[in-house]
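The values are calculated or read from the model by the stated rules, or taken from the named source; none is laboratory data. The model shown is predicted, which means the values in this text are computed figures rather than measured ones. FYI the Cβ positions are ideal-geometry reconstructions off the backbone, even for glycines, and counts take in every protein chain you see. Surface accessibility is based on the protein's heavy atoms, side chains included, excluding ligands, DNA and RNA. Shrake-Rupley method; radii C 1.70, N 1.55, O 1.52, S 1.80 Å.
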Amino acid sequence: MAAALEETGEYSMVTRWAMERYRVLEQSLKFWRISHPLVLNALEASHRAGVPLDDLKLLALNKDVRLVGDTVKVRRSLWSKVLAPLAVAVVLLNWARLCALVVLTPAPWPGKLVAFAVVTLLFWWLWRGFALYTTRSNAAVERSGAVVEAIAKIVCRKSAVIYRADFRNT
């Protein structure tokens, strides 16, 4: 943006475009993903209305809040509800498999206990990342999806009607 200001001045279209791009990027940083400006406005208004920021971040990160036509909608997918328990089961089965490998190794018991604790702590620490696309996103949609849609209806403006110009008949 500094380069645009230096080259073209503060009243040029290049500077205006750079400033608008900077504003969208700064707003997107708050919600972890670049989104359409109408989606960002709906998320910002929802945050001001008291919706938890963690829920809004998850909705934006997983692209559960999207622009459909000129309205902002929250995606409620049956597939995510079906696949989330399966993903949890895969993570838990991998934890159990690694723990079984640790227990079945020919090592002394103190070493096995330390390795078991390390594997368990590692999976516990990584769970927030594993749950980003499974249980946490579904819970965020259930908790805050309807509120975000209701606020988006109030905040979002209708787009202008565009008429196609036909100059052949003139």
Being of a type outside the set (Val, Ile, Thr) and either loosely packed, with under 15 Cβ neighbours inside 10 Å or in contact with a Cys (Cβ under 7 Å, 6 or more places away or on another chain) (or both): is that true of TRP79 here?
yes
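Tell me, which helices (runs of 4 or more DSSP H) lie completely within region 1-60 with 3 or more residues that are at pLDDT below 85 and buried (at least 16 other Cβ atoms within 10 Å of the Cβ)? Please lay out each step first, then the result.
Numbers: elements: 2-8, 13-31, 37-49.
Where helices (runs of 4 or more DSSP H) fall fully within region 1-60 and carry at least 3 residues being at pLDDT below 85 and buried (at least 16 other Cβ atoms within 10 Å of the Cβ), they are 13-31.
Conditions tested, residue by residue: (1) acidic (Asp, Glu); (2) modelled with pLDDT under 90; (3) in contact with a Gly (Cβ under 7 Å, 6 or more places away or on another chain); (4) over 21 Å from GLN27 (Cβ atoms).
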{"position": "LYS63", "(1), (2), (3), (4)": "no, yes, no, no"}
{"position": "GLY69", "(1), (2), (3), (4)": "no, yes, no, yes"}
{"position": "VAL74", "(1), (2), (3), (4)": "no, no, yes, no"}
{"position": "GLY111", "(1), (2), (3), (4)": "no, no, no, yes"}
{"position": "TRP127", "(1), (2), (3), (4)": "no, yes, no, yes"}
{"position": "ALA140", "(1), (2), (3), (4)": "no, no, no, no"}
{"position": "ALA146", "(1), (2), (3), (4)": "no, no, no, yes"}
{"position": "SER159", "(1), (2), (3), (4)": "no, yes, no, no"}
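Report yes if some residue within region 139-146 is in a helix (DSSP H, G or I), charged (D, E, K, R) and either touching a strand residue (DSSP E or B) at 6+ places or on another chain (Cβ under 7 Å) or open to solvent by 40 Å² or more (accessible area, probe 1.4 Å) (or both); otherwise report no.
Step one: of region 139-146, the residues in a helix (DSSP H, G or I) are 139-146.
The next check asks that each one be charged (D, E, K, R); those that pass are 142-143.
Retained after the next criterion (residues that are either touching a strand residue (DSSP E or B) at 6+ places or on another chain (Cβ under 7 Å) or open to solvent by 40 Å² or more (accessible area, probe 1.4 Å) (or both)): 142-143.
Yes - at least one qualifying residue is present in region 139-146.
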Exactly one condition in (1) more than 28 Å from TRP127 (Cα to Cα); (2) assigned to a helix (DSSP H, G or I); (3) hydrophobic (A, V, I, L, M, F, W, C) is false for LEU67; which is it?
(2)
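Condition check ((1) farther than 21 Å from GLY129 by Cα; (2) not hydrophobic (A, V, I, L, M, F, W, C)) across all residues:
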residue	(1), (2)
VAL24	yes, no
GLY50	yes, yes
ASP64	no, yes
SER80	no, yes
VAL103	yes, no
Looking for something touching a helix residue (DSSP H, G or I) at 6+ places or on another chain (Cβ under 6 Å), of a type outside the set (Ser, Thr, Tyr) and in contact (Cβ under 8 Å) with a residue 24 or more places away in the chain - is there at least one such residue anywhere in region 14-31?
yes
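I'd like the full set of residues that are open to solvent by 50 Å² or more (accessible area, probe 1.4 Å) and either in contact with a Cys (Cβ under 6 Å, 6 or more places away or on another chain) or not in a helix (DSSP H, G or I) (or both), limited to region 82-108. It would help to see each step written out before you state the result.
The first filter runs over region 82-108 and keeps only residues open to solvent by 50 Å² or more (accessible area, probe 1.4 Å), leaving 82-83, 85-86, 90, 92-95, 97-98, 101, 103-106, 108.
Listed by number, the residues that qualify are LEU104, THR105, PRO106, PRO108.
Any residue in region 116-137 that is part of a loop (DSSP other than H, G, I, E, B), more than 30 Å from VAL39 (Cα to Cα) and open to solvent by less than 100 Å² (accessible area, probe 1.4 Å)? Step through it out loud before you land on a result.
Step one: filter region 116-137 for residues part of a loop (DSSP other than H, G, I, E, B), giving 134.
From what's left, more than 30 Å from VAL39 (Cα to Cα): none.
The answer is no; no qualifying residue exists.
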